[in-house]
Structures are given as structure tokens and as C-alpha cells.
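The values are calculated or read from the model by the stated rules, or taken from the named source; none is laboratory data. Bear in mind the structure is a predicted one, so any value in this text is a computation, not a measurement. So basically every Cβ, Gly included, is an ideal-geometry build from the backbone, and we count neighbours across all protein chains shown.
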Amino acid sequence: MTQRIAVLGATGSIGDSTLAILAAQSHQYEVYALSGHHRLDKLFALCQQFLPKRVSVPTAAVDDFAKRLSSAGLDIDVVGGEQGLIEIATDSQTDTVVAAIVGAAGLPSTLAAARAGKRILLANKEALVMAGKVMIDAVKTHHATLLPLDSEHNAIFQCLPSAIQQDNTQIHQSEHGVRKLWLTASGGPFLQQSFAQMQQASVAEAVKHPNWSMGQKISVDSATMMNKGLELIEACHLFDLPEDKINVVIHPQSIIHSMVEYSDGSFLAQLGSPDMKTPIAHALAYPNRIDSGSQPLDLYALSGLEFIEPDLQKFACLRLARQAMQAGTQATIVLNAANEVAVAAFLNGQVRLTDIANINEQALTDIQLPPLSAAADIEDILAIDQIARHLTDKLVMKLVQ
Ligand code: NAD
Ligand code: MG
């Protein structure tokens with residue numbers, strides 16, 4: 001049977017990789033809906049290529065986009081804004097939602113997909129960093145399926161016993177012998193450079209990742225290693241483990257995508273070329289396998305695999321993520337919001353790359369909130385997110401003056 005897919009964030013880097021697979025596997029998958037926020041010309045071209053039934057654009061662009069489609073003879077329903085994203089994520093015709101919007105903007109639609117019991121292929125790690133418990137509870141209550149696209153989490157998922165894969169929201173360590181998870185990190189473009197050099201980094205240098213080609217925000221997050229911090233929090237929620245059961249190791253070649261350590265001393269790893277098409281194809285076809293179109297790994301050409309302990313002074317964001325995870329959800333929401341604001345300020349040329357960690361730390365110190373109650377819902381989460389963005393804007397203004 002054909003799986004009908006809604007790709008949220010279709011115009012981004014994960015969107016590109018997903019649609020490349022869907023184009024090659026069109027006998028199995030139907031592109032039912034697409035969304036895009038920027039680059040609407042690209043979204044238009046995707047509509048011409050994939051002929052989805054529905055498309056979501058920013059509210060202000062709905063009328064123009066609808067006219068443009070109909071002038072081209074395309075009969076596609078156009079919806080707008082956050083509500084539009086929620087509509088296509090929960091549409092009764094949608095089987096699978098690829099959650100590939102960047103940042104907090106992806107949370108409401110991803111959560112709505114969980115509450116509609118959909119199969120969710122999750123790239124939008126920020127949704128779990130902000131609302132891990134709410135998301136996982138929604139997945140359980142509404143019998144949704146959550147499959148990680150983030151390469152590290154997808155690797156861990158693949159290395160876990162099938163009993164846990166069937167219910168990846170609970171690892172019973174004693175029953176399954178899982179001792180630790182090991183998240184691998186490339187170390188980003190500044191691994192071999194000093195902190196002083198990192199301080200002077202231009203935007204172009206910061207977004208030039210050595211192994212992966214990705215969107216701008218995640219590329220900056222990789223340069224500061226905030227990405228690994230967010231992934232640590234993501235892994236705690238996805239695999240129901242405390243942060244001290246999850247180690248981070250720098251592996252500059254990005255060949256081992258992560259590992260599971262078992263109590264008998266076994267380490268299971270997933271290897272592959274650094275290409276997001278592999279984890280995306282895995283999650284699309286799970287529990288089967290399909291061709292992803294990625295280059296197979298050439299083991300004869302590999303000269304060596306290195307493993308290095310991260311320097312938490314140089315990459316303070318990683319330390320902050322552990323600290324926030326220990327403090328509770330209110331702190332991980334603050335960290336995520338502060339980081340989004342700080343990264344945008346860096347991309348706008350307002351602050352230095354190394355200011356991002358300072359801004360994040362200051363936000364965590366200044367915004368001391370009581371732990372969220374067990375009944376906290378998305379409104380409570382978004383309220384903290386707004387407070388944190390507002391305060392971080394002020395921190396950025398102070399630095400700029
Ligand atoms: P990107 O910047 O290339 O694309 C982001 C997509 O989100 C675009 O389609 C954009 O139009 C849309 N978008 C942006 N702001 C929006 C808003 N306010 N409302 C609605 N849509 C909006 O980003 P990406 O690299 O594809 O990353 C997407 C997500 O996947 C991020 O959460 C990232 O952390 C995660 N991820 C990416 C990679 C990768 O290799 N690119 C790997 C792992 C995880
Ligand atoms: Mg990753």
C-alpha cells in the first residue's frame with residue numbers, strides 16, 4: 001500500500017534529502033502535502049514536480065501562492081501559518097509526517113501529529129528539547145510512532161534490541177542490558193582550532209561543516225557543539241535515560257553515527273557515509289529497508305577512525321545542555337530559546353560565534369523558573385519560550401551596544 005507523506009519543512013536540507021528518496025521510490029510513497037516558509041519559488045517547483053494535494057505557506061503568502069498554482073493549472077489546496085501546518089499534519093489522509101522544520105516553529109505541528117496518532121519521522125530535535133515529556137506522552141497515549149531521523153538517534157535506534165525499537169520510549173536497562181549510549185560528534189569546523197581562532201570566525205567559516213551539508217542554524221549549532229547538547233537532551237527523551245547514561249565522543253570522520261554499550265561489554269555501532277538519506281530511508285521503510293541513494297561506505301578507503309573526549313571549556317554549550325537537563329524542562333526550554341536567538345544574532349553579524357555560549361549561560365542563570373508541573377502543556381512551554389526569547393534579545397542588545 002502507498003504511504004502518504006507530509007513533508008513539513010520541504011524546502012530545507014532534510015526536505016531535499018527526503019524528497020530525493022521519495023522521488024526515487026514513488027511506487028511506494030505518495031507526496032501528499034508539503035510546507036515551506038522561505039524560498040517559495042523552490043516550494044512552487046516542488047509542487048510542480050510532486051503534485052501534492054495540499055501545501056502550507058506563511059499566512060501572508062497564501063493568496064498569492066494559490067493564484068500562482070492555479071495559473072499553472074495545479075489544483076492544490078493552499079493553507080497558511082501554524083494552523084495550516086497543523087492541518088496537514090493531522091489530515092486524515094496523511095499517514096506519515098516528516099517533521100523537518102527548524103527550531104521551535106516545528107513544535108506545534110509535530111505535537112499535533114503525535115496527538116493525531118501519526119507515524120512521525122522526527123528531524124526537528126528542538127521539539128523534543130522543549131517538550132520532550134509532552135511529546136512522548138502524546139505518542140504513547142495516541143499510539144503514534146516516533147522514528148528518529150537525526151543520524152545519531154537513528155543509529156542508536158538501529159543498535160537497540162527489537163523489543164525496545166517497538167516501544168522506544170522505554171529502555172528497561174536491567175532487562176535488555178543497555179549500559180550506556182554513545183553519541184558521536186564530528187567536532188565541527190573548529191575542532192583543530194584554538195578558542196581564540198574560534199572567536200574570530202566568520203559566518204561563512206562557521207557554517208562550513210567538514211562532513212555534513214545542512215541548514216544554517218544546525219550548522220552553527222555544530223560549530224559551537226550546541227547541536228550535540230540538543231541531541232543529548234533529545235536522546236534522554238527518546239530513549240528514556242538520564243543524561244549521565246549518555247556519553248558524547250568526538251569522532252571527526254563521522255562514519256560511526258552513534259553506539260549502544262551493553263552490560264556484557266559489547267558496543268553496537270551503526271556506520272555509513274555521512275548522508276542524511278540513510279537515516280531518512282531507514283525511518284521511511286522501517287521495519288523494511290529501501291535504497292536510499294547514498295554512496296556506500298568504502299571501507300578500503302578509510303584511513304582510520306579517531307575518538308576524542310570533548311573539551312567542555314571550548315565547547316561550553318555541551319556543558320550547558322547537561323546542566324539544563326539536570327535542572328529540568330523549564331531550563332531546556334530556556335536554553336533552546338536563548339540559543340535560537342543567539343544563533344540568529346550571530347548569523348546577522350551582531351555577535352561573535354563564541355558569544356553564543358555566553359549568552360546561553362547568562363539566560364540560564366538569569367531565568368530561574370520553578371520546575372514545570374506534571375500537567376504542564378504546550379501553552380506553558382510556549383510561555384517560557386517567549387520569556388526566554390525576550391530576555392535573550394535584551395542580552396544581545398547589551399552586547400551590541
Ligand atoms: P533548513 O534551514 O535547511 O530548513 C528548515 C525548513 O523549515 C525550511 O523548509 C524552512 O522553510 C522551514 N521553516 C523555517 N522557519 C519556519 C517557520 N517559522 N515556520 C514554518 N517553517 C519554517 O534546516 P535543516 O537543516 O533541514 O534542519 C531541519 C531540522 O532538522 C532542524 O531541527 C535540524 O536540527 C534537524 N536536523 C537536520 C539535519 C541536517 O542534516 N540538515 C540533521 C539532523 C537533524
Ligand atoms: Mg545529528
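Is it the case, given these coordinates, that S17 is in contact with a helix residue (DSSP H, G or I) (Cβ under 9 Å, 6 or more places away or on another chain) and within 16 Å of ligand 2 (Cβ to nearest atom)? Break it down stepwise before answering.
Details: in contact with a helix residue (DSSP H, G or I) (Cβ under 9 Å, 6 or more places away or on another chain): yes; within 16 Å of ligand 2 (Cβ to nearest atom): yes.
Judged against the criteria, S17 is a match.
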Specify the residue that is nearest to ligand 2 (Cβ to nearest atom); the eligible residues are those in the range 20-57 that are surrounded by fewer than 16 Cβ atoms within 10 Å (Cβ to Cβ) and closer than 16 Å to A72 by Cβ. K42
Conditions: (1) in a loop (DSSP other than H, G, I, E, B); (2) without any contact (Cβ under 8 Å) to a residue 24 or more places away in the chain. Y300 meets all but one. Number of the miss? (1)
Collect the residues in the range 292-329 that are exposed (fewer than 13 other Cβ atoms within 10 Å of the Cβ) and β-branched (V, I, T), keeping them in residue-number order. I308
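Out of everything in the range 67-92 that is among the hydrophobic types (A, V, I, L, M, F, W, C) and under 21 Å from the mean Cα position of the chain (by Cα), what residue ends up being surrounded by the fewest Cβ atoms within 10 Å (Cβ to Cβ)?
That would be I86.
Out of the residues in the range 363-377 that are modelled with pLDDT of 95 or more and within 15 Å of N336 (Cβ to Cβ), which is surrounded by the fewest Cβ atoms within 10 Å (Cβ to Cβ)?
Initially, the range 363-377 is screened for residues modelled with pLDDT of 95 or more, giving 363-366.
Then drop every residue that is not within 15 Å of N336 (Cβ to Cβ), which leaves 363-364.
Details: A363: 25, L364: 19.
This residue is L364.
In this structure, does Q350 turn out to be in contact with a Leu (Cβ under 7 Å, 6 or more places away or on another chain) and in contact (Cβ under 8 Å) with a residue 24 or more places away in the chain?
Working: in contact with a Leu (Cβ under 7 Å, 6 or more places away or on another chain): no; in contact (Cβ under 8 Å) with a residue 24 or more places away in the chain: yes.
Here the answer is no, as Q350 does not meet what is asked.
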If I filter the range 12-37 down to residues being out of contact with any strand residue (DSSP E or B) (no Cβ under 8 Å at 6 or more places or on another chain) and in a loop (DSSP other than H, G, I, E, B), which single residue comes out as nearest to ligand 1 (Cβ to nearest atom)? G12
Determine, yes or no, whether S254 is under 20 Å from the mean Cα position of the chain (by Cα) and on the phi > 0 side of the Ramachandran plot. yes
What is the one condition in (1) more than 14 Å from ligand 1 (Cβ to nearest atom); (2) under 25 Å from K42 (Cα atoms); (3) touching a residue at least 60 places away in the same chain (Cβ under 8 Å) that A100 does not satisfy? (1)
